[in-house]
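Enquirer: To start, I am sharing the structure in question, which I have written as structure tokens.
The values are calculated or read from the model by the stated rules, or taken from the named source; none is laboratory data. Predicted, not measured: the structure shown is a model, and the values here were computed from it. Neighbour counts are summed over all protein chains in view; Cβ atoms, including those assigned to glycine, are modelled from backbone coordinates with ideal geometry. Note: areas computed on protein heavy atoms with side chains; ligands, DNA, RNA excluded. Shrake-Rupley method; radii C 1.70, N 1.55, O 1.52, S 1.80 Å.
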Amino acid sequence: MIVLGIESSCDETAAALLRDGTSILSSSVASQIDVHRDYGGVVPELASREHVDNIALVVEDCLRQAGRAGHRLSFEDLDAVAVTRGPGLMGALLVGLAYAKGLAYSLGIPFLGVNHLEGHLASIFLEHPKAELPALALVVSGGHTNLYHLRQDLQAELLVRTLDDAAGEALDKLSKLLGLGYPGGPVIERLARRGDPQAVSFTLPKIGDGSHSFSFSGLKTAALRHAQQNKLPSLSPQQADEPANLPQAVLDLAASFQKAVVDQLLDRLEHFLSGRRVRSIQLSGGVSCNSVLRERARRRFEERQIPVYFPSPPLTTDNAAMIAAAGYRRLASGQSDSWDLKADPNLRI
């Protein structure tokens with residue numbers, strides 16, 4: 001069974017071909033980083049236009065890639081089309097949804113609208129099909145910081161989410177504050193390798209209602225205050241490529257900020273681990289690619305005999321293989337969606 005996955009929830013136009021829910025035959029992504037870099041973040045209208053220009057080309061490239069890998073496929077070989085229907089940017093979602101519906105309708109095959117967050121959860125099982133359940137599953141990216149209890153039947157219960165900024169968004173904003181460009185996560189990680197993570201003290205947020213939700217806006221404000229009080233210079237994206245030449249105070253702020261983000265993520269995992277029968281920890285989404293988060297999570301939980309799983313880097317960012325995987329699960333259980341299915345930018349699990 002071959003499922004075409006399509007992802008267009010934000011600033012990546014992606015397509016992937018998946019066989020029998022686990023074997024990735026091809027994957028193609030058109031990134032928009034260069035389009036949005038000068039604005040310091042994603043501009044929704046520009047993102048939608050780029051998706052319109054790229055989506056057909058990305059799907060065709062996906063088929064060509066499969067052919068070069070020895071899988072000679074055409075549109076007629078597809079068994080279903082799965083596409084992200086939310087959450088995300090409304091205009092961006094509509095592009096992918098319209099294309100997927102049109103293609104599936106013309107081929108007379110099932111169409112499935114997929115929750116982007118379920119896609120991230122499914123990305124773990126593409127490479128770790130025997131990852132133990134039940135699990136604590138953290139989806140952490142530029143747009144989302146959600147913690148789920150993933151049951152043995154793969155049903156996900158939301159435990160907490162961020163009350164304000166997502167973790168990746170906070171990293172992006174620090175990079176923008178320092179003048180180092182977008183996307184910020186890789187930049188901050190690169191600078192942090194040369195900084196002292198103990199140099200700047202950040203307080204772990206305490207939520208008044210006792211929910212242990214995530215919150216990163218206070219961290220961002222504290223970083224801004226520190227930069228102003230210490231008169232840190234305004235830098236440029238070009239300088240981020242040579243961290244050895246940056247002021248030590250900037251490197252220390254990056255390292256300390258990154259540590260504070262990771263501290264909070266691990267603290268919440270630790271809290272919700274207590275009193276639950278959990279057989280694994282699963283981290284997905286773009287921020288799960290961060291090497292410090294990976295190292296500290298493994299060390300912290302594997303010492304307690306709890307395995308920790310991450311997707312490989314290409315599957316951490318927005319990609320269509322994870323959407324195809326989540327769609328395949330629904331298709332295998334006999335589900336499909338009607339042609340009047342709407343995009344939902346605030347869709348939740």
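Enquirer: In square angstrom, what is the accessible area per residue of the chain with a 1.4 angstrom probe?
Expert: 43 Å²
Enquirer: Whenever you get a sec, line up 29, 292 from highest to lowest accessible area (probe 1.4 Å, protein heavy atoms).
Expert: 29, 292
Enquirer: Indicate, rounded to the nearest 5 percent, the antiparallel portion of the DSSP beta bridges found entirely in region 113-257.
Expert: 90 percent
Enquirer: With +1 on each Lys and Arg Cβ and -1 on each Asp and Glu Cβ, how big is the dipole of the chain about its Cα centre, in debye rounded to the nearest 20?
Expert: 940 debye
Enquirer: Can I ask one more? In nm, what is the difference between 0.36 nm times the number of residues separating residue 236 and residue 53 and their Cα-Cα distance?
Expert: 62.9 nm
Enquirer: For a quick check: with amide H placed at 1.01 Å from N, whose amide H comes under 5 Å from residue 280's, ignoring anything fewer than 5 positions away on the same chain?
Expert: 136
Enquirer: What is the calculated FRET efficiency for residue 248 to residue 291, with r their C-beta to C-beta distance and R₀ = 25 Å, to the nearest 0.05?
Expert: Efficiency at R0 = 25 Å is approximately 0.75.
Enquirer: Percent of alpha carbon pairs in region 116-217 separated by more than 17 Å?
Expert: Of all Cα-Cα distances in region 116-217, 63 percent exceed 17 Å.
Enquirer: Here is a further query. To the nearest 20 Debye, how big is the dipole of region 304-345 about its Cα centre, given +1 on the beta carbon of each Lys and Arg and -1 on that of each Asp and Glu?
Expert: About 260 debye.
Enquirer: Give the lysines reachable from residue 101 as a straight Cα distance under 18 Å; neighbours fewer than 8 places away on the same chain don't count.
Expert: 342
Enquirer: Let me ask something else. For region 156-308, treating each Cα as an identical point scatterer without solvent, what Debye log10 I(q)/I(0) comes out at q = 0.08, 0.12 1/Å?
Expert: Here log10 of I(q) over I(0) equals -0.24, -0.52.
Enquirer: Also: With runs of 4+ DSSP H residues as the only contributors, calculate the mean residue ellipticity of the chain at 222 nm using -39,500 (n - 2.57) per run, divided by the residue total and rounded to the nearest 500.
Expert: Calculated at 222 nm, the ellipticity per residue is -13500 deg cm²/dmol.
Enquirer: Relative contact order for the chain: what percent, with Cα pairs under 8 Å and sequence separation of 6 or more?
Expert: 25 percent
Enquirer: Still on this model: Dipole of region 27-84, Cα-centred, from +1 at each Lys and Arg C-beta and -1 at each Asp and Glu C-beta, to the nearest 20 debye?
Expert: With Lys and Arg at +1 and Asp and Glu at -1, about 180 debye.
Enquirer: Taking 51 Å as R0, compute the FRET efficiency from the Cβ-Cβ separation of residue 263 and residue 75 and round it to 0.05.
Expert: Efficiency, rounded to the nearest 0.05: 0.60.
Enquirer: If I compute solvent accessible area with a 1.4 Å probe over the protein chains, what percent of it on region 107-233 is carbon and sulfur?
Expert: Carbon and sulfur: 48 percent of the exposed surface of region 107-233.
Enquirer: Could you order the peptides 250-256, 93-99, 8-14, 327-333 from most to least packed, using the average number of other C-beta atoms within 10 Å per residue?
Expert: 8-14, 250-256, 93-99, 327-333
Enquirer: Related question: Stretch residue 132-residue 228 to full length: gain in nm at 0.36 nm per residue minus the Cα-Cα span?
Expert: Difference between extended and current length: 29.9 nm.
Enquirer: Cross-link candidates for residue 176: which lysines have Cα within less than 17 Å, leaving aside residues fewer than 8 places away along the same chain?
Expert: Here the lysines satisfying the reach criterion relative to residue 176 are 220, 231.
Enquirer: A follow-up question, please. Relative contact order of region 159-275: what whole-number percent is it, with Cα pairs under 8 angstrom and at least 6 residues apart?
Expert: It comes to 39 percent, rounded to a whole number.
Enquirer: I'd like the Kirkwood hydrodynamic radius of region 101-154, using the inverse of the mean 1/r over distinct C-alpha pairs, in Å.
Expert: Result for region 101-154 stands at 13.2 Å.
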